[in-house]
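Asks: Let me begin by handing over the structure; questions about it come next.
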Amino acid sequence: MKSEQVQRPETKKAPEHLNKMQIKKKFKASDKQEVEPNYDSDEDKEKTLDFDKEIQNIKNLQGVDLVFCIDTTGSMKPFMKSIKELMRKIIRDGENFIKQFEKSKDLFKIGIVAYRDHDDEKQKDSYLTKKLDFTDGNSARLFLNSLVAKGGFDKAEAVIDGLSDVINLNWRKDSHKFLIHFIDGPPHGNDYAIDQKNQRFPDGCPCKKDEEDIFYPMRDLNLKYSIIKLNDDVDLMLKRFAEFFDIEVVKLEISYDQNEKNTQQY
């Protein structure tokens, strides 16, 4: 279990962020639950993400925009139950935080971007990216329940495509902005590859976009970007991303469902 702050070199100016994201660093889903619990319940008092510590100057709060970006290829299948539980807990924490404000109904908005891999969109009932623009917690939960991990053709995934969808969501101008990214595979391209022999797209993402296309607009949004890494296959990606943007990296102890096998073929 590790948490680290990855920063770009001082030669490039990064946006000024808030304090380090207070995500609970240890998280394990209960193996005893046969059905998905109601994590928006007030019975569970423990916070996973403490928005009170994250957001300063709440007297002038104009809104909170939270986006989850998630790899939903087959390699993520053993982790999906735990990740969904964690996401639901964070949504619940945001809803509870916002209750302290008089006109709280539209202050907290959630967006979700799921991505797979190039050529997955050619498969039946699959997609390259799938997104939910900013909405309320109930709609976000319904969308989250629909996500299934399958597909993928190599260790690299359509990460750049997913992040491109993220920056093109309808972020509100004066909101506090958070992006939480669940990932176990890097983008396409030898710059990110630990194993360069099995690269389908060694020259980069087929979408033809690169880091500048993603992180320059992301700087303008002035959002806080936390990456939840599930293994070390993304370490080269993290170093590369850090040349363009300040990111927080959190390695969580997320439980691995032994009943759900990795369905991705390399």
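The values are calculated or read from the model by the stated rules, or taken from the named source; none is laboratory data. Keep in mind that what you see is a predicted model, and the values were worked out from it rather than measured. Neighbour counts are summed over all protein chains in view; Cβ atoms, including those assigned to glycine, are modelled from backbone coordinates with ideal geometry.
Asks: Any idea which residue in the range 109-139 is modelled with the lowest pLDDT, counting only those that are farther than 17 Å from D184 by Cα and among the polar types (S, T, N, Q)?
Replies: Restricting to residues being farther than 17 Å from D184 by Cα and among the polar types (S, T, N, Q), the top hit is Q123.
Asks: Let me ask something else. Over 15 Å from the mean Cα position of the chain (by Cα), surrounded by 21 or more Cβ atoms within 10 Å (Cβ to Cβ) and touching a residue at least 24 places away in the same chain (Cβ under 8 Å): which single residue out of D93, D71, D52 fits that description? Talk me through it step by step, then tell me what you get.
Replies: Numbers: D71 fails: over 15 Å from the mean Cα position of the chain (by Cα); D52 fails: surrounded by 21 or more Cβ atoms within 10 Å (Cβ to Cβ).
Answer to the selection: D93.
Asks: Related question: Working carefully through the options S139, S104, S146, find the one that is of a type in the set (G, A, S) and touching a Lys or Arg at 6+ places or on another chain (Cβ under 9 Å).
Replies: Selected residue: S146, the only one of S139, S104, S146 that is of a type in the set (G, A, S) and touching a Lys or Arg at 6+ places or on another chain (Cβ under 9 Å).
Asks: I'm trying to understand the selection: among the residues of the range 143-161, which are farther than 12 Å from G74 by Cα and touching an Asp or Glu at 6+ places or on another chain (Cβ under 7 Å)?
Replies: Correct list: A158 only.
Asks: Which ones in the range 92-116 are assigned to a helix (DSSP H, G or I) and among the polar types (S, T, N, Q)?
Replies: Within the range 92-116, the first condition is being assigned to a helix (DSSP H, G or I), and the residues that meet it are 92-98.
Result: N96, single match.
Asks: Something else about it: From K89, K59, which residue is assigned to a helix (DSSP H, G or I) and modelled with pLDDT of 90 or more?
Replies: On the way: K59 fails: modelled with pLDDT of 90 or more.
None of the others qualify; the one that does is K89.
Asks: How do the pairs read when you match residues in the range 107-130 that are more than 30 Å from I55 (Cα to Cα) and basic (K, R) with residues anywhere that are in a loop (DSSP other than H, G, I, E, B) and at pLDDT 90 or above, using Cβ under 7 Å and keeping only pairs 6 or more apart or on different chains?
Replies: R116/T72; R116/T73; R116/Y127; R116/L128; R116/A158
Asks: Counting just the residues of the range 206-233 that are of a type in the set (A, V, I, L, M, F, W, C) and either part of a strand (DSSP E or B) or at pLDDT below 90 (or both), which one comes out surrounded by the fewest Cβ atoms within 10 Å (Cβ to Cβ)?
Replies: Step by step, filter the range 206-233, then rank; the result is I227.
Asks: Is it the case, given these coordinates, that D165 is under 29 Å from R92 (Cβ atoms), assigned to a helix (DSSP H, G or I) and among the acidic types (D, E)?
Replies: Here the answer is yes, as D165 does meet what is asked.
Asks: Being part of a loop (DSSP other than H, G, I, E, B) and either at pLDDT 95 or above or surrounded by fewer than 22 Cβ atoms within 10 Å (Cβ to Cβ) (or both) is the filter here, so list the residues in the range 168-185 that pass it.
Replies: Within the range 168-185, the first condition is being part of a loop (DSSP other than H, G, I, E, B), and the residues that meet it are 168-175, 184-185.
Of everything in the range 168-185, those that are part of a loop (DSSP other than H, G, I, E, B) and either at pLDDT 95 or above or surrounded by fewer than 22 Cβ atoms within 10 Å (Cβ to Cβ) (or both) turn out to be N168, L169, N170, W171, R172, K173, D174, S175, D184.
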